[in-house]
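The values are calculated or read from the model by the stated rules, or taken from the named source; none is laboratory data. All of these numbers come straight from a predicted model, not from anything done at the bench. Here Cβ is always computed from backbone atoms with ideal geometry, including for glycine, and neighbour counts include all displayed protein chains.
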Amino acid sequence: MHARPSPDFSPRPAALGGRDVRSRLRNRRGAFTLIEIISVLTIIGIISGIAFPKFQEAVDRAKVARAIGDLRAIAIDLAAANPLPATLADIGRGGLDPWGRPYRYVPFPENRPGNTPPAGARKDRFLVPINSRYDLFSLGKDGASIAPLTARPSRDDVIVANDGGWIGLAKNF
């Protein structure tokens, strides 16, 4: 009985330098080519470019939702307080907004002529004050704000309006 050669045995012609064509091709496919690597990196880059903005948008919406919930709870506590506290810490609500800044609370003085809000009160697009007893808001993502809600720095603020009757983004009020 003769020993049977293994299936990958093949004669090695001298013209190929001792290697046959099949073994050369088999050894060559052991690594990725530069074109394949660049193609994969391009696809990963495109997918990341599409996914990251959507992820950031979802994070921003979650922060706004958390701020609305916090402000709703604070507004309920303020509605029960008589007289209004001087600070939010007086009612145990001295926390930070989702962007890491303290919530802004400005109680209006009790003895105002005609019971009108003070000069620095937050105002809607008609420049009418949005609250009569206090202003309560978060500075939002950009951390900047001015009294009229229509101003660019105020558009991302999360506000309490109508003395707690409406809570949301200033741009939606």
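Taking Gly140, is it on the phi > 0 side of the Ramachandran plot, surrounded by 14 or more Cβ atoms within 10 Å (Cβ to Cβ) and assigned to a loop (DSSP other than H, G, I, E, B)? Spelling it out, Gly140 is indeed on the phi > 0 side of the Ramachandran plot, surrounded by 14 or more Cβ atoms within 10 Å (Cβ to Cβ) and assigned to a loop (DSSP other than H, G, I, E, B). Of everything listed in (1) within 22 Å of the chain's Cα centre (by Cα); (2) modelled with pLDDT under 90, the single unmet condition for Arg101 is (2).
On the basis of being surrounded by fewer than 16 Cβ atoms within 10 Å (Cβ to Cβ) and out of contact with any helix residue (DSSP H, G or I) (no Cβ under 7 Å at 6 or more places or on another chain), does Ile68 make the cut? Here the answer is no, as Ile68 does not meet what is asked. Of the residues making up segment 42-93, those that are touching a residue at least 40 places away in the same chain (Cβ under 8 Å) and in contact with a Pro (Cβ under 7 Å, 6 or more places away or on another chain) are Lys63, Ala67, Leu84.
Residues that are assigned to a loop (DSSP other than H, G, I, E, B) and in contact (Cβ under 8 Å) with a residue 40 or more places away in the chain were ranked within segment 143-167; the one that is surrounded by the fewest Cβ atoms within 10 Å (Cβ to Cβ) is Gly143. For the criterion of being over 24 Å from Asp156 (Cβ atoms), polar (S, T, N, Q), modelled with pLDDT under 95 and surrounded by 12 or more Cβ atoms within 10 Å (Cβ to Cβ), Ser132 passes.
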